[in-house]
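To start, the structure itself, in structure tokens.
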Amino acid sequence: MSRRALRRLRGEQRGQELPGLGELGLEPAPGLERGREAPASLSGAGRGPRGGVSNLFELINAEESEDELLSREEQADDAQLSKQDAAGGRKEGAVPEEAEGDVDEAEQPVTKPQPVLSNKPRKKKKKRKTKKTSPGETLEDDDLGDIDSLLGKTEGTNGLSQQTQSGVITDHRPLLYVEHRNLNPENELKRYFGARAVLGDQRPRQRQRHNARGTWLTTPKDTWPRYSKTGITMQLLDTRRGVQHFTFKHHREYQQVQFKFLDAVESLDPNNIVPLLEALEPYHVDSLLQLSDVCRMQENQEMARDLIEQALYSLECSFHPVFSLTSGTCRLDYRRPENRAFFLALFKHLTFLEKRGCPRTALEFCKLILSLDPENDPLCVLLLIDFLALRAREYSFLTRMFQEWESHRNLSQLPNFAFSVPLAYFFLSQQEERSELELSQARERAARLIQLALIMFPSVLLPLLDGCSVQPDARVASHPFFGLKAQLSQPPALNQLTSLYVGRTHSLWKDPAVMAWLETNVHGVPGAPLGPPLPPSPCLRRKTRYQSAPRNIYRHIILSEMKEAMAALPLEVTSQPVMGFDPLPPLDSIISYTRPERTNRPSNESTLSLFFQSLLPNFNLQGNARHNRDEEAGVGQDLNQGVNRLMAAMQDMLANIQFQEPPRDDNAEGDGDWD
């Protein structure tokens, strides 16, 4: 049924027929007599008794031009305006008696005049609404194809449509935009295995949260302790250029628990941390983080993951009302010790999610960490986000990030982005649903970028092939550009980055199609056995730019626990103690409260120290210097003083040793019983 037929049916069924001349206060034509029927064009031949249609299906095939419909609407409006003028004239007394009599005569055939009068204002509103919306409706029908073409023009500047796997264009959103639904790993598991396999036989009522407060980062479980105020709050510091800066704050009661936690950590006994959670504060964040590491070392992955989720739940319940996870404009300063627990809990949580097989959810948490401090990136998640994007098959996100951040962050100088971005373009070139132009552009970009990566970081090739269990070509393995000489000549900081990338992402390169593409581009690299000569500039840049790694890269390697990268850490990092609740704290930390000095400290001496104390009662490894030490830099000083004190005690002990000759026996040759 056409729109005109529907409008015609809707208008005339409501009694919106054209008013008669008598109702308008005009004299009828001489040929018209009272009670005579109007022409069919005005009265509607074949219609029902009230001006409606007796057979509704007759309107489906009714032929009526748009000009006739518009002319009828104009006539109806003119008649309505004439009626209003006539009514206004009667009110002012300007209408003659003859006209009043004509109106009375015209209204005589009408059985119920009041309903007709009550429908006239609705007729006026309907006509105005119809005239107002009809051009919009025509535009929607005519320009539907133009809208599709405009949407097609809003694709990425690289010629590739920036779409996710769901097909939704996300260019208008910020790069680090976080979606709440992607923070729940159950949603990703449902897409992989189905809702029944994930939720089992639980009924919808059983799936509801037992806690009244809703959270986005984690889902509280029935086995968790009942949550109450923990003494952690979030405070808004300031707002600069549309960016809001927040910080967590510890109340006095929570500070006392924090001091007892530090005492328990110094005792080197994890059993001393458990009473803090059981008796004092079940949601003490640092205790949960430290015990999670202990459970993970004991191969209790489920308990370790559960403790991290409890820490996130406790921190989320203390959020400021205006703190947003999705806006990307909320910042936390890692230099404040109160904020570090949130960074570390998010990082450890995404590590568990990636091992659980939820790379899309882990990518969303990685974007959240980066949005909290994108300038400094205290945990250096830029070394991880490319791997998660490839695992989650979010190739468009990775290429978009490279294009938007390359100008001010120099992402191509990181080995992970130098190799992962061309790999993402290669995977995009294998998607058959894209146009031929997009596929050809993706192939060209992939070939160009992978050759630049091999020129800048040639030491990645052989370890990458070794991780994929692929035997390299003899000409490539023996060539000085890719061989052992390239690996030995690279700076230590670059060795850490390449070892981290190869150890983490080598599984993504095992695809035979990827290996064939890599082999083709290796032989075309300048400096390769079959390629043109290599310019000297990349070699100079490698030697000058990668002298020493910043502290956040060391922190990332420690948290990632990648064996290949851990072995490449310098001695100044591996020699100092590293705690799971605060690994490698910043040197310019902002301390809001300090730990009070104590006279009686718990006994945490080692077995060697207790041995020397048994020999020399005056020996004290701790010394009196601990009472005046600084919280951050005093640990190494105390260790040196303890070692010096130990050496002095050993020298004193050796100097005071006196050897006594054993008593001589006169009967030296006497018979002795040796049984």
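Quick notes
- Counting only protein heavy atoms and using a 1.4 Å probe, the accessible area of L236 comes to about 60 Å².
- The phi-based Karplus calculation (6.51 cos²θ - 1.76 cosθ + 1.60; θ = phi - 60°) puts the 3J(HN,Hα) values of region 406-421 at 5, 5, 10, 10, 6, 5, 5, 7, 9, x, 5, 6, 4, 9, 6, 5 Hz, whole numbers, x for Gly and Pro.
- Sorted on the mean count of surrounding Cβ atoms within 10 Å across their residues, most packed first, peptides 468-475, 318-325 read 318-325, 468-475.
- Whole-Hz ³J(HN,Hα) from phi, Karplus 6.51 cos²θ - 1.76 cosθ + 1.60, for region 326-332, glycine and proline x: 9, 6, x, 10, 9, 10, 10
- Here's how it looks for R331: its modeled amide H is under 5 Å from those of Q244, H245, F246, which are all 5 or more places away or on a different chain.
- By average C-beta atoms within 10 angstrom, highest first, the peptides 180-193, 355-368: 355-368, 180-193
- By accessible area with a 1.4 Å probe, ligands and nucleic acids excluded, highest first: order of S292, S548: S548, S292
- Distant-in-sequence amide H partners of M579 (H built 1.01 Å from N, under 5 Å): L584
- For region 380-549, with all protein chains in place and a probe radius of 1.4 Å, 55% of the accessible heavy-atom surface sits on carbon or sulfur.
- Nearest-0.05 FRET efficiency for E436 and E519, computed from C-beta distance (R0 35 Å): 0.90
- Listed peptides 402-413, 552-563, 250-261 appear in the order 552-563, 250-261, 402-413 once ranked by packing, highest mean of other Cβ atoms within 10 Å at the front.
- Length released on extending from E375 to T544, taking residue separation times 0.36 nm less the Cα-Cα span: 58.5 nm
- Label positions at Q576 and K510, each projected 7 Å from the Cα along the C-beta direction, are separated by 3.8 nm.
- Evaluating 6.51 cos²θ - 1.76 cosθ + 1.60 at θ = phi - 60° for every residue in region 228-242, the Karplus couplings come out as 9, 4, 9, x, 10, 10, 10, 10, 8, 7, 6, 10, 10, 6, x Hz, glycine and proline recorded as x.
The values are calculated or read from the model by the stated rules, or taken from the named source; none is laboratory data. Since the structure is predicted, the reported quantities are computational estimates derived from the model, not experimental observations. As a convention, Cβ positions derive from the backbone with ideal geometry for all residues, glycine included, and neighbour counts pool all protein chains shown. Accessible surface is based on the protein model in full, side chains and every heavy atom, while ligands, DNA and RNA are left aside. Shrake-Rupley method; radii C 1.70, N 1.55, O 1.52, S 1.80 Å.
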